Amino acid sequence: MIRGKRGLFVFFLTCACVIASCFFFLQFCPPLPAQGMSSEAPAKNDVSEELGRSDTEEMKLFRLAGRLFEERNYPAAAKHYRDFTRNYPEHSRAPDAQMMLAECLYSQALAEANSFTTTPKKVFRDAENEYRRALTLIPKDDHLGESAAFRLGEIAFNLGQYDSAVEMFA
């Protein structure tokens with residue numbers, strides 16, 4: 001049984017995290033291969049094979065950053081997503097790259113928070129700034145904007161700003 005306002009808030013936050021994770025997974029995870037097609041992924045250490053899948057330099061950079069994110073190499077992925085947003089600000093994938101840059105920083109902050117070795121407030125603040133920047137790039141009717149707003153609520157919660165978190169989730 002959930003007791004008190006704080007218990008209700010934690011329950012709501014947990015449910016909202018699960019829902020947001022599902023939306024994010026659907027947005028950024030590739031579909032399963034069709035029947036008869038190879039389901040083999042490129043070898044983890046063969047970056048050149050991964051880069052050869054695209055014709056344009058910007059998409060090579062975007063895919064490399066995505067691969068580094070999948071490997072949980074968040075600092076390197078963040079660098080490449082940042083390069084993408086700086087070098088190709090008008091590209092159709094620029095909002096996605098901005099969102100993924102924020103996700104890299106958020107994931108890094110969570111890892112630091114779970115290690116208890118450092119205080120991740122600066123990294124949470126950096127992620128917050130990148131999510132806010134993503135909201136300016138994402139079209140109003142895109143559900144990716146809702147994911148960014150949700151992450152801002154999670155950041156406020158992780159920083160102990162509970163009133164602000166409630167406002168973001170409302």
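The values are calculated or read from the model by the stated rules, or taken from the named source; none is laboratory data. Just so you know, these numbers come straight off a predicted model, no measurement behind them. FYI the Cβ positions are ideal-geometry reconstructions off the backbone, even for glycines, and counts take in every protein chain you see. Note: areas computed on protein heavy atoms with side chains; ligands, DNA, RNA excluded. Shrake-Rupley method; radii C 1.70, N 1.55, O 1.52, S 1.80 Å.
Structure values in brief
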item: Protein accessible area in region 97-170, 1.4 Å probe - carbon and sulfur %; result: 52 percent
item: Cα→Cβ-extended label distance, 7 Å offset, between Ser164 and Glu70, nm; result: 3.5 nm
item: Global form of region 79-141, assessed from the alpha-carbon gyration tensor, a/c cut-off 1.5; result: prolate
item: Within region 110-170: Cβ-based charge dipole about Cα centre, in debye rounded to nearest 20 (Lys, Arg +1; Asp, Glu -1); result: 220 debye
item: Accessible solvent surface per residue of region 62-107, calculated while the other protein chains remain in place, 1.4 angstrom probe, Å²; result: 44 Å²
item: Contact order normalised by residue count of region 101-170, Cα under 8 Å, 6+ apart, percent; result: 24 percent
